Amino acid sequence: MSNKEKHWEKTKGLMIITLIIWFVFGYLIFMFGSDLNTSSFMGYPLAYYMCAQGSIIAFVVLIFWFANRQEKIDEEFGFTEKEDD
Amino acid sequence: MFKGNFIDNLPKIYGTYTGGFIVFIILMAIAEQAGMTAKTIGILFVAFTVCIYALIGYLSRTVQVDAYYVAGRQVPTVFNGMATAADWMSGASFVAMAGGIYFGGYTYMAFLVGWTGGYVLVSSLLAPYLRKFGCYTVPDFIGTRYGGNFARFCAVVVLTLASFTYVTAQINATGTIASRALSIPFELGVWVGLVSILLCSMLGGMRAVTWTQVAQYIVLIIAYLIPVFWISNKSGFGFFPHFMLGEEVARLGDLEAQFGLVKNAAADIKAAGVPGGLKSIAVSHAGVPEGGMAAWKFISLALCMMVGTASLPHILMRYFTTPSVKAARKSVAWSLFFIALLYTSAPMLATLSKISLIDPNLPTGIIGKPIAEIMQIEWVNAWINVKQAFIADFNGDGILQLNEWFMRGDVVVLATPEVAGLPYVISGLVAAGGMAAAMSTADGLILAIANALSHDIYYKIIDPKADVRKRLLVARALLIVIGAAGAYIASMRITSILGAVAWAFDFAMSGLFFPLILGVWWKRATRQGAIAGMIAGLASGTAYLIYVYPKFMGNTPWLGIDHLRFGIIGASVCLVVMVVVSLMTEEPDKATQQMVDEVRVPSGKTILGKQH
């Protein structure tokens, strides 16, 4: 496998992990909204909290994490951009 | 004071600007104490901020193609994040979102999840690759990846339909706010709004829009957060509302049980003469409706909004302006961070507003009190006079019940400062914030349409030999034409029949989502497949919309997929047709496959040249 292909394999892997986490916070937990709401977090019912703040914060953290991971992958295969590109 | 070039000085420039804006707010507060009227304060707030935006727009004028289309590709990540956040958060987000949560509770909050989660798709599937491609517009990518003018043309059609659906609502919002703040008729307000919008974008295209959007973000976020924190502290609900309103949410649940959530019969509402668009609370604030169908409705709405986000050209094109692919990725994260500052505050504002109004133990509470007494309150009178609030004593006991108090959703943002007894300067600030939110989104949308028409239709299809001067002239002329068309439709006050903002997301996802992502992620995707997918997706989505929308054919939605969710049908059809047709046709040539390989690698030159 060429360098480019290996880079793309890893990139795809990261994309899939990112989308799995996205699916959990965007959909999976809300399939069980009424069960979730029986517990609470910081005094808020949990399902309410997750859509008011929890999932939104999770998405922000997820994208920062994803961007850093992808930069590491690019570095590993020598595809880091030069500043003057 | 500012040495070196403009980009290096950005933090200083916007720091000074923010400081200046805060000084302006303080001056207005002092002027209010000195006896300046509420009307004058409102006019000054809107006029002052709009003049600043126009000045930035003028200073950013340009005669270069890449500056006009992609801001010269030198917008730093954090600033592009702020600009995207302003581009994204519309007048509706600013004014109507808290009201939506106030009336719709948990069910409505699917929009919050949907309007934020889409950025995960943008960052992982699209933005870095489109940046590497080096396109000026979204159809530019479709046209080059798949080849041929017809594919490009189809993408322009989807883009125009989706963005135009959205833009009339934004011009409408600028008109509403301008007319209220400046005390002029709505029809005139729309044109004042349009002129303000064009002042920001005409001379400098994307460059001017970028720097005004950053300025608009700063105004809108200050205008949203100050009231939320102030109300929470003043009424003693907690120093930091986001972490401290748990008790209030629980209390709302108790009050709902005590008062009962009564859904008024349509006939009663009509008989009482409640003005159109006003609602009473009939849905639980934090309670989750039982059953699989309710859960499906929640996640299907979130899905449409997320996929739609990742297909809306005015958002995607913001990531063409960063200096590198790496910066494009990071910039998506910053965008969502800045959006989250407002979105996580909206439920808090809704909670504060609701508890202030319905808790009879609080001095601001009105539910459970004698109607004659409530009618004495100044703000109640003021909002009833302009038909934004209404009292209907259904049971005739002279006491206001929860289901007897009607108001418009917008009132939550516009009136809560007044209800909590904040000075008028805050209401002026909120008007400036709403204006900033509506203007910034309208600018992004009008520019997306005008750029697609000028670059993809005029330059790429009609006259490829046109020189720079002519291209930019056409781009600017189109900006005026599209803005005027939007303003004309808005001034006819028919926006209510043009449907919801959600439609823009559904149109975009029906026609563009799969052609975009498969263009990067599936080498086998062919021109014929993409064209068939775009046409079939848009046609089936639109047909389904006509089939279910109550004002058109009004048939029973299939599996709960109503007019807000028609993109699910369109995008599914688009995917199937695109895959099947691609597999039936000959695979793309070597050059195209190599181009896709190049897009996947962040380093190296962009596919399309710096000037094209």
With touching a residue at least 12 places away in the same chain (Cβ under 8 Å), touching a Ser or Thr at 6+ places or on another chain (Cβ under 6 Å) and of a type outside the set (Lys, Arg) as the only criterion, which of B:ALA490, B:ALA532, B:ALA502, B:ALA536 stands out?
B:ALA490
Quick check on the stretch B:135-158. Is at least one of its residues buried (at least 21 other Cβ atoms within 10 Å of the Cβ), under 18 Å from the mean Cα position of the chain (by Cα) and part of a helix (DSSP H, G or I)?
no
Against the conditions (1) among the polar types (S, T, N, Q); (2) more than 15 Å from B:PRO515 (Cα to Cα); (3) in contact with a Pro (Cβ under 6 Å, 6 or more places away or on another chain), where does B:ASN555 fall short? Just the number, please.
(3)
Would you confirm whether or not the stretch B:462-471 contains a residue that is in a loop (DSSP other than H, G, I, E, B) and among the hydrophobic types (A, V, I, L, M, F, W, C)?
yes
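Can B:VAL95 be described as away from chain A (no Cβ under 14 Å) and either in a helix (DSSP H, G or I) or of a type in the set (Gly, Ala, Ser) (or both)?
Details: away from chain A (no Cβ under 14 Å): yes; either in a helix (DSSP H, G or I) or of a type in the set (Gly, Ala, Ser) (or both): yes.
So B:VAL95 passes the test.
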Among the residues of the stretch A:23-36, is any more than 7 Å from every other protein chain (Cβ to nearest Cβ), buried (at least 17 other Cβ atoms within 10 Å of the Cβ) and over 30 Å from B:ALA328 (Cα atoms)?
yes
Out of B:PHE48, B:PHE94, report the one residue that is at pLDDT 90 or above and either of a type outside the set (S, T, N, Q) or closer than 21 Å to B:LEU312 by Cβ (or both).
B:PHE48
Considering only the stretch B:23-52, how many residues are β-branched (Val, Ile, Thr) and surrounded by 13 or more Cβ atoms within 10 Å (Cβ to Cβ)?
8
If I filter the stretch B:393-407 for residues that are touching a residue at least 60 places away in the same chain (Cβ under 8 Å), surrounded by fewer than 20 Cβ atoms within 10 Å (Cβ to Cβ), more than 23 Å from the chain's Cα centre (by Cα) and part of a loop (DSSP other than H, G, I, E, B), do I get at least one hit?
yes
Identify the residue in the stretch A:51-64 that is more than 8 Å from chain B (Cβ to nearest Cβ) and of a type in the set (A, V, I, L, M) and, among all such residues, is farthest from B:GLU290 (Cα to Cα).
A:VAL61
Scan the helices (runs of 4 or more DSSP H) fully inside the stretch B:307-392 and keep the ones with 2 or more residues being farther than 28 Å from B:VAL283 by Cβ and touching a helix residue (DSSP H, G or I) at 6+ places or on another chain (Cβ under 9 Å).
B:313-316, B:325-343
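Does A:ILE20 meet the test of being at negative phi, under 12 Å from the mean Cα position of the chain (by Cα) and either more than 9 Å from every other protein chain (Cβ to nearest Cβ) or in a loop (DSSP other than H, G, I, E, B) (or both)? Quick ask: steps written out before the conclusion?
Details: at negative phi: yes; under 12 Å from the mean Cα position of the chain (by Cα): yes; either more than 9 Å from every other protein chain (Cβ to nearest Cβ) or in a loop (DSSP other than H, G, I, E, B) (or both): yes.
The answer is yes for A:ILE20.
Here is a yes/no grid of residues against (1) among the basic types (Lys, Arg); (2) free of Cβ contacts under 8 Å to residues at least 24 places away in the same chain; (3) surrounded by 18 or more Cβ atoms within 10 Å (Cβ to Cβ):
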site: B:ALA328; (1), (2), (3): no, no, yes
site: B:TRP334; (1), (2), (3): no, no, yes
site: B:ALA350; (1), (2), (3): no, no, yes
site: B:LYS354; (1), (2), (3): yes, no, yes
site: B:ASN361; (1), (2), (3): no, yes, no
site: B:LYS369; (1), (2), (3): yes, no, no
site: B:MET375; (1), (2), (3): no, yes, no
site: B:TRP383; (1), (2), (3): no, no, yes
Identify all residues within the stretch B:389-417 that are touching a strand residue (DSSP E or B) at 6+ places or on another chain (Cβ under 7 Å), farther than 27 Å from B:ILE221 by Cβ and not β-branched (Val, Ile, Thr); write none if there are none.
B:ALA389, B:PHE390, B:ALA392, B:GLY398, B:LEU400, B:GLU404, B:TRP405, B:PHE406
Given the conditions (1) within 30 Å of B:VAL520 (Cβ to Cβ); (2) more than 14 Å from chain A (Cβ to nearest Cβ); (3) at pLDDT 90 or above, and given that B:TYR53 satisfies all but one, which numbered condition is not satisfied?
(1)
Subset of the stretch B:120-134, residues under 26 Å from the mean Cα position of the chain (by Cα) and aromatic (Phe, Trp, Tyr), comes to B:TYR129
Only one of (1) under 29 Å from A:ASN37 (Cβ atoms); (2) touching a strand residue (DSSP E or B) at 6+ places or on another chain (Cβ under 8 Å) does not apply to B:MET305, and that is (2)
Looking only at the stretch B:545-574, which residues are of a type outside the set (Val, Ile, Thr), assigned to a helix (DSSP H, G or I) and in contact with a Gly (Cβ under 7 Å, 6 or more places away or on another chain)?
B:GLY567, B:GLY570, B:ALA571, B:CYS574
What number of residues in the stretch A:30-85 are aromatic (Phe, Trp, Tyr) and under 16 Å from the mean Cα position of the chain (by Cα)?
4
Do the conditions hold for B:ILE568, that is, is it buried (at least 16 other Cβ atoms within 10 Å of the Cβ), within 14 Å of chain A (Cβ to nearest Cβ) and farther than 30 Å from A:GLY78 by Cβ?
yes
Can you tell me which residues in the stretch B:263-298 are among the hydrophobic types (A, V, I, L, M, F, W, C), within 11 Å of chain A (Cβ to nearest Cβ) and buried (at least 18 other Cβ atoms within 10 Å of the Cβ)?
B:ALA286, B:VAL288, B:ALA295, B:PHE298
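Matching residues to (1) touching a Lys or Arg at 6+ places or on another chain (Cβ under 8 Å); (2) at pLDDT 85 or above; (3) not in a helix (DSSP H, G or I):
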| site | (1), (2), (3) |
| --- | --- |
| B:GLY486 | no, yes, no |
| B:ALA490 | no, no, no |
| B:PHE507 | no, yes, no |
| B:SER510 | no, yes, no |
| B:PHE514 | no, yes, no |
| B:LEU518 | no, yes, no |
| B:LYS523 | no, yes, yes |
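Confirm whether A:GLU9 is at pLDDT 90 or above, of a type in the set (D, E, K, R), assigned to a helix (DSSP H, G or I) and farther than 19 Å from B:ALA328 by Cα. Quick ask: steps written out before the conclusion?
Numbers: at pLDDT 90 or above: yes; of a type in the set (D, E, K, R): yes; assigned to a helix (DSSP H, G or I): yes; farther than 19 Å from B:ALA328 by Cα: yes.
So A:GLU9 fits the description; yes.
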Select from the stretch B:324-345 the residues that are more than 7 Å from chain A (Cβ to nearest Cβ) and hydroxyl-bearing (Ser, Thr, Tyr) and write down the one among them that is nearest to the chain's Cα centre (by Cα).
B:SER335
Has the stretch B:246-254 got any residue that is away from every other protein chain (no Cβ under 14 Å), of a type outside the set (Gly, Ala, Ser) and in a helix (DSSP H, G or I)?
no
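The values are calculated or read from the model by the stated rules, or taken from the named source; none is laboratory data. The structure displayed is predicted, hence computed values, not measured ones. A quick note on method: Cβ atoms are made from the backbone with ideal geometry, for glycine too, and the neighbour counts reach across all protein chains shown.
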